[in-house]
Structure formats: C-alpha cells, structure tokens
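Colleague: One structure is given below, represented as structure tokens, and several questions about it will come after.
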Amino acid sequence: MVETMSSLETPTEKPPKPSDRSPRETAAEADAAAGHEPQYSNRLIPWVLWPTLIIIVLFVGVTLVFPAAMESGISAVQQTVISNFSWWYLILAFCFVLFCVYLGFSRKGNVKLGRPDQEPEFSTMSWLALLFAAGMGIGLVFYGMTEPLIHFATPRPGLAAADPTLGARAEDALALTYLHWGLQPWAIYAVVGLAIAHAIHRRGRPLSMRWAIEPLIGEKATRGGWGNAIDSFALIGTVFGVATSLGLGVTQMAAGLRSMGVVGEDDLWVEYAMIAVVTGFVIWSVVSGVNRGMKWLSNTNMVIAAGLVLFLLIVGPTQYLAKEMVQTFGHYLQNFIGNSLNSSAFFGVDGDAWQASWSTFYWAWWMSWTPFVGVFIARISRGRTVREYLLGVILVPTMISVVWFGVLGGTAIFYETNRPDWYTSVVASDGSVDVNSALFQVLEQLPGGAILVVGAILLSAIFFVTSSDSGSLVMAMIATGGNPEPPNRIRVMFAVATAVMAAALLLAGGLTAIQTLAITIGLPFTVLMVLMCIAVFKALHVNVQRTEAIRRMTFLADISDRFGLDSDDDAVESGPVSANTWWSSLSRARQREIHERVGPHTGRRVRQAESTSDSSRE
C-alpha cells in the first residue's frame, strides 16, 4: 500500500524511476499520456507574439516621437489608479502574506512540487542566489542607501506632523524600507510562482502562466483564446519590466563612473556603450544556460554583495549597525499590520502623493513584475515541498533584505546624523537625494572608497546581466508556449530587443513613461493574481484529499492484516499512524473487548501488542 500511495501521488500512471528529467520532458510525457500534442515548441506562438509586438512597437514609437506628452498622459493615468485603488493594493499585498502563512502551516505545505522521488534541480544556495538575482536585482543596489536616506530626510506625512527626533526618523525610515522590500513583495512573487510551479511540476503542464488558472477555467479555455490572452498580457508586462530595469541599471552604473572621474558629466554616450557591453555578456550567459552562466553569475553576485556588507560592517560603525538592525527590525515587526494597511487617508493630497511615490507604488510595481519573476521562480523550484518553497521564497530573502538595507542604509544614516569632519552630506538643503549617485557619494568617502565604488558598479553590472538573462529566458518560454528550454536564438532575440528598447527610451527620456505603464498594468493583473490564489488553493486541496485517502486506505489495510479489523473507529484524530501505535493508544478495556470480539484473528501479534502496551503502562 505504501508503494500504491507513492505512485498515485505522481502525475503519471506508473511510478517512475528516480531521475533528473527536466520540466520539458515531464510536460511532454504528460501531454502524450493525455493524447495531446505538446503545448510548446521551438517556434514562436503567433497569437501570443504578434499582439505583444504590436502594442510594444506602438507604445515605443509614440514615446520616441512624443516623449513629454506620453509621460504626462501616463502619469495622469497612474495618479488616478493609485489615488482610487491604493486601498486595494494595500489590502491585497497584506492578504497575500496571510495566504502564504496559511499554506506554509497547513497540510498543503507537505505537497511536493514534482514527483515524490524528485530532488531539487539546484542546491539551496544556488536556488536562493537565483531567486534574489531575479526578484530584486538592480533595485537592491539602486535603493540600498537611497530609500532609507529619503525616508530619513523627508519623513512620511504622519510622522512629519509629529515632529520626530532624529532617532525616530531613522527608525521609521529603515522600518519602512524593510516593509517595501520584505514580506509583501516576496509573498506577491510566491503566490504567482507557486500557482505556475504546481501546474508545471505537479500536473506536468508547459511552463506558461496560462496553466496557473486551469483548475478554474478548464483545459479547453486554457488552450484557447483565454490562455493566449493571459500569456500575451504576461509577455507585455515582462518586456516593459525588464527594459525599465536595464535602463535604471545603466543610469546608476554611469553615475558611478562619473563619480570616479572615469568619464565626464557631459559624456552622454556612456549609457549606450554600457548597454552594448553588458548585452554582450548577457548573450554569453544566455548561450551558457541557467545551469552554467546564470547560476555562476548569481553565485558571484551573492559573494560580492556579502563582501560589501561585511566590509561596511567591519570598517563602519559596527556596534551602531548591529544595534540599529535589531531595533529597526523589531520596529518593523511591531508595526507590521499598521504600516501594511496605512493608506495615508487623513493627510489629503500629501498622503496621496506619498503613497504614489512609495507603498502603493511598490505594491503595483512588484505585481507588474510577477509574470517575469513568477515564471522564473517556478522554473527553478522543481522538487521542493510547498513549505520549503515558501520558506525559501519569502523568509530567507526578507532576512537578507533586512541585513542589506540595515547595513547600507544604516551606514548612510549614521554619517548623516553624526557628520564627521571628513564627511560631506549627500542630502541637499531641500531634503532631496540623488537616487543615481547617492550610493557612490557615500561609498567614496569611506576607507577604501574607490574599491567600494568599483565593487558597487560590478554588482550593478552583474545584476544587469542576470536580470536581462532571466528576463529573456522567461520571455522566450512564454512566447513558445511554455518551453522550459527555449532555443538560444529566441532568447538572444529577446535580450537584444529589450536592450535596444531600453536604449531608445533612454534617448527619448521615456523610462519614466514605461515604468509608469508597467505599474498601471499591475491593476488588472491583481484580478488574475486573485484567481491564481483560488486555483492553487483548489489544486492543493485536491492533492491533500488524495494523499489522506491513500493514507487511510494504507492504515485500514494495516490494521486489517494485523488484527482482523475492518474499521479504524478508534484511530486517533492526529493523523495516520501504524497499527501497533494505534493499538497501544487504546485503553486496556477496549483492547480486551476487541480481543474477545475478533478472537483468533488477532493471534500472536495482538498478544505481542498487548504485552508491549502493558509493559509501557507499568
């Protein structure tokens, strides 16, 4: 019966031998067994690709010709969305955290994303490095010091009205940064990634977003127009998100080079040259594959990031940083619910403006990135249980973010509040902070400043490569109908296309417009995310019911074989147990009653169980 349970939990009819087959092979076998043609191919899917290309080309063309008009128009749309739906973004992001906590602590957390005999494709450290590189990437470097400094220099409306002390401003600044980069964004990624991972690794479906809601709309609709629309929508969001990330990355790297005096302030060719050079490394990583180039780059980035944090801890205000991280993390946890649902409702226009720039902006931004990050996380998470997946995707990156922002942001805030003689403030008289150069302005004033600046530029460059590589992989997978290993030519095509798109928008000054549009896309995508939560809950519930039914059958067979009983009425409620454990849990009177009723059927095993029970009670 144990063998039966294992085989019924697998997506195939016969229990397969242990192997390291790829998701592509698993999906192909499932389709063949069901009598369907494979849902992915080495060619692009017209009904997914062409609508995406038409929308993107039109948008980029209009942005290049009328950049100011597009920026103002889309900004007005964004302001309308955030002003009217900020409450929806806030409550949804908070509910995603609660949903993940429930799944992690429930029996659904035991479900494995794959066959019972499958082992994870990547080691834990490589898996976490890939998660972090795709999920946060350049943003960690871009906002590592900048966001805490901005919150410190210009507190949010509610705190500013209370005229806080420097300590209160610093504490609130870091706690807010933890909120924006902690549990909520990773829970947003986790629910989408889990829905897709369950579809591809558990049900053997192609690696495409459409299959995440198959439990709700059925297979026919998923294969048809609705599925094409979902994938096309996901592809548009991914292209816009990756292009924006690349544009932000090169502007910061160029700012770092200018701060070192390598290039002049007026050398506008630098950004485009960096896009060309880094795209060359992206193509190398694309050709090498996830298991080689991208994994190596992600691991390297983790080492460089850890080295930067350790260096700042050692040469910086060590005791201050240690105490500050503990205190601000406690402040973050203590005020988690209140800050998560704080919509700045009582501060009018100032409150709406702050939400549009920070909390609501972030939740919309993370949601617009979920097609890209969710598909990628699903791709690399085969062989892990739901509980292990949630711990790895939510808790570990959150703690890393706390350390990262606690050290970088804490270092900047320490020098801003203490102002040593050798330190020049990076905060302007009006409280503004240059988001592109603030990191380098602080690092170059520290011991070994030149090395730190070079390390930060290298960190940004590698994050640039990993973001573009993972983005081209996801775009190619979606455009080919879910092929987990799309041809290199298609991946290279998307890598080059997003680089050209980022360069063109930099030339026209349209990065703000495309970033704003990506955020606006997040609103309709929230509906799809809610449907994904319902779908994955339904699918996991079916898995749990099937497993419990098989365990009950196994238990009944066990006690029937050993004791001649056809019922487990006396079984404990805590779950399935072995026959001997069940027998020992009964009272002595109940044991005698069963023994008298079944007589010789119990035989020697019952007497042995009785003697074991008697000796244990003595």
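The values are calculated or read from the model by the stated rules, or taken from the named source; none is laboratory data. Quantities reported herein were computed from a predicted structural model and do not represent experimental measurements. Cβ atoms come from the backbone with ideal geometry, glycine included; neighbour counts cover every protein chain shown. Side chains are part of the model used for accessible areas, which takes the heavy atoms of the whole protein and leaves out ligands, DNA and RNA. Shrake-Rupley method; radii C 1.70, N 1.55, O 1.52, S 1.80 Å.
Colleague: Do we find a residue being acidic (D, E), in contact with a helix residue (DSSP H, G or I) (Cβ under 9 Å, 6 or more places away or on another chain) and open to solvent by 40 Å² or more (accessible area, probe 1.4 Å) anywhere in the stretch 341-350?
Modeller: Within the stretch 341-350, one or more residues are acidic (D, E), in contact with a helix residue (DSSP H, G or I) (Cβ under 9 Å, 6 or more places away or on another chain) and open to solvent by 40 Å² or more (accessible area, probe 1.4 Å).
Colleague: What is the number of the single condition among (1) more than 30 Å from V278 (Cα to Cα); (2) open to solvent by 10 Å² or more (accessible area, probe 1.4 Å); (3) not hydrophobic (A, V, I, L, M, F, W, C) that Y143 does not meet?
Modeller: (1)
Colleague: Considering only the stretch 310-340, state which residues are surrounded by fewer than 20 Cβ atoms within 10 Å (Cβ to Cβ), hydrophobic (A, V, I, L, M, F, W, C) and in contact with a Phe, Trp or Tyr (Cβ under 8 Å, 6 or more places away or on another chain).
Modeller: Result: F329, I337.
Colleague: Starting from the stretch 90-103, take each residue that is on the phi > 0 side of the Ramachandran plot and list its partners that are part of a helix (DSSP H, G or I) and charged (D, E, K, R), counting only C-beta distances under 7 angstrom and pairs at least six apart or across chains.
Modeller: none
Colleague: Just a yes or no: is a residue in the stretch 153-163 under 17 Å from the mean Cα position of the chain (by Cα) and in a helix (DSSP H, G or I)?
Modeller: No; the residues of the stretch 153-163 include none that is under 17 Å from the mean Cα position of the chain (by Cα) and in a helix (DSSP H, G or I).
Colleague: Just the residues that are part of a helix (DSSP H, G or I), over 17 Å from F494 (Cα atoms) and open to solvent by 40 Å² or more (accessible area, probe 1.4 Å), please, taken from the stretch 48-66.
Modeller: Answer for the stretch 48-66, where residues must be part of a helix (DSSP H, G or I), over 17 Å from F494 (Cα atoms) and open to solvent by 40 Å² or more (accessible area, probe 1.4 Å): L58, V62, L64, V65.
Colleague: Follow-up. Suppose we filter A412, A438 for residues that are of a type in the set (G, A, S) and either closer than 24 Å to M274 by Cβ or in contact with a Cys (Cβ under 7 Å, 6 or more places away or on another chain) (or both); which single one remains?
Modeller: A438
Colleague: Regarding T360, is this residue crowded, with 19+ Cβ neighbours inside 10 Å, of a type in the set (S, T, Y) and over 29 Å from S86 (Cα atoms)?
Modeller: In short, no.
Colleague: List every residue pair whose Cβ atoms sit under 7 Å apart, with the two residues 6 or more apart in sequence or on different chains, where the first one lies in the stretch 172-199 and is more than 26 Å from G158 (Cα to Cα) and the second, anywhere, is among the charged types (D, E, K, R) and part of a helix (DSSP H, G or I).
Modeller: Close Cβ pairs satisfying both conditions: A199/E214.
Colleague: Working only within the stretch 325-375, note down all residues that are in a loop (DSSP other than H, G, I, E, B) and in contact with a His (Cβ under 9 Å, 6 or more places away or on another chain).
Modeller: The one that is in a loop (DSSP other than H, G, I, E, B) and in contact with a His (Cβ under 9 Å, 6 or more places away or on another chain): W358.
Colleague: Restricting attention to helices (runs of 4 or more DSSP H) lying wholly within the stretch 200-300, give those where 1 or more residues are buried (at least 24 other Cβ atoms within 10 Å of the Cβ) and of a type in the set (D, E).
Modeller: 225-259
Colleague: Among the listed residues T526, T498, identify the single one that is within 22 Å of A187 (Cα to Cα) and modelled with pLDDT of 85 or more.
Modeller: Being within 22 Å of A187 (Cα to Cα) and modelled with pLDDT of 85 or more holds for just one of T526, T498, which is T526.
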